[in-house]
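This report concerns only the one structure given below.
Derivation of every value follows stated rules applied to the coordinates shown; laboratory data play no part. All values derive from a computational prediction rather than experimental measurement. So basically every Cβ, Gly included, is an ideal-geometry build from the backbone, and we count neighbours across all protein chains shown.
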Amino acid sequence: MTRRKFYSTCVDWPKERMLAKAFLDENGEEITRAAFLGLVDPRQMRALETHLGYDIHLKMEADYHVRYFREPVTGIPFFVHSAIEHVFARKDEIDALEAAETDRLCEPKPLAILALIHPGRLIGQDPQDPDFEGDAFDEAIGRIIAHDGGIVILDDESFRGIPAGDRLTLRRALTHAGIGHGVALHVWAAEDGSAAPQDWEGFGDAEPDPGLEFGAMIADLVAQTGERGEIEMIGAVPEPAPEPCHLT
């Protein structure tokens, strides 16, 4: 195995390779000095020890303040002396690591979609968070207001119990989600299959498929917008049907 030569300290690290340095800092795992010495060029290591002031009277191996690390994915070793990292690596390794981190950080993240099911049914119900001061409806409204992503709301006759101010809050949240993320839907999805009353007002152009269970229905609605993402369902989420019991 070719032992790595000294590349740079964190003080002199090239500015165009800071993502690679951050990756090493975050993922380096501590190893023994003996393991570290097996990975690096011995002549350069001795030169560094002399440069740092070590000699026959004060040896680096006796200095318990020095710590040794190895990043497991790349295998790049480094030691830390007086809070300064000393990295042993080839230039092409650092270049490749920088490119990989750039690609990873630039990769678009999936859209987070929050689906609120039958919010009116939550009024007066206990919140999921026992420390929340309010009912389950207030808790859900708070989640919708704070959410940074797409929003889908499935409604039914329980909407009549929602105060006018909260209906307006939901509509504003939908407007914001539509402008910023492209997924903003408020559709009628009564479990009994009944049609929406004339005084109910939805949001968005997608049409729900009443033959689908709610999870599949929401996924289909999102697909109709041309977007996709990770869906989280909150609200009056139906419990899964129990498995049939077969007696023998």
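Sum up the charges of everything whose Cβ sits under 11 Å from the Cβ of P208, counting Lys and Arg as +1 and Asp and Glu as -1, but leave P208 out. Present the calculation step by step, with values, prior to reporting the outcome.
Working: positive: none; negative: D155, E207, D209, D220.
Overall, the nearby charge balance is -4.
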Based solely on its DSSP helices, what 222 nm [θ] is calculated for the chain when runs of n ≥ 4 H residues each add -39,500 (n - 2.57) and the sum is averaged over all residues, nearest 500 deg cm²/dmol?
-10000 deg cm²/dmol
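Work out the FRET efficiency for E191 and D148 from their Cβ-Cβ distance, taking R0 = 25 Å, and round it to the nearest 0.05. Don't skip to the answer; put the middle values down first.
Working: r = 30 Å, r/R0 = 1.19.
Rounded to the nearest 0.05, the efficiency is 0.25.
If I take R0 = 51 Å and measure r between the Cβ atoms of R171 and A35 in this structure, what FRET efficiency does the formula 1/(1 + (r/R0)^6) give, to the nearest 0.05?
Numbers: r = 61 Å, r/R0 = 1.20.
About 0.25, to the nearest 0.05.
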Which residues does the label zone of L105 cover in the stretch 1-38, counting backbone N under 18 Å from a point 7 Å along Cα→Cβ?
10-28
Per its Cα gyration tensor (rounded if a/c is under 1.5, else prolate when a/b beats b/c, else oblate), the stretch 63-125 is best filed as oblate
What is the magnitude of the charge dipole of the chain about its Cα centre, with +1 placed on the Cβ of each Lys and Arg, -1 on the Cβ of each Asp and Glu, and no other charges, expressed in debye to the nearest 20?
1840 debye
The chain: most fluctuating residue of I153, I218, I179 per GNM, C-alpha cutoff 10 Å:
I179
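With an 8 Å cut-off on Cα pairs and a minimum separation of 6 or more residues, tell me the relative contact order of the stretch 40-172 in percent. Let's see the in-between values first.
Numbers: 119 pairs, mean separation 22.2, N = 133.
With pairs under 8 Å counted, the relative contact order is 17 percent.
Of all DSSP beta bridges in the chain, what percent run antiparallel (nearest 5)? Don't skip to the end; give the middle numbers.
Numbers: 15 of 33 bridges.
Percentage antiparallel, nearest 5: 45.
Which number gives the lysine pairs in the chain that have C-alpha atoms under 22 Å apart and are eight or more places apart or on different chains?
For the chain, the number of qualifying lysine pairs is 6.
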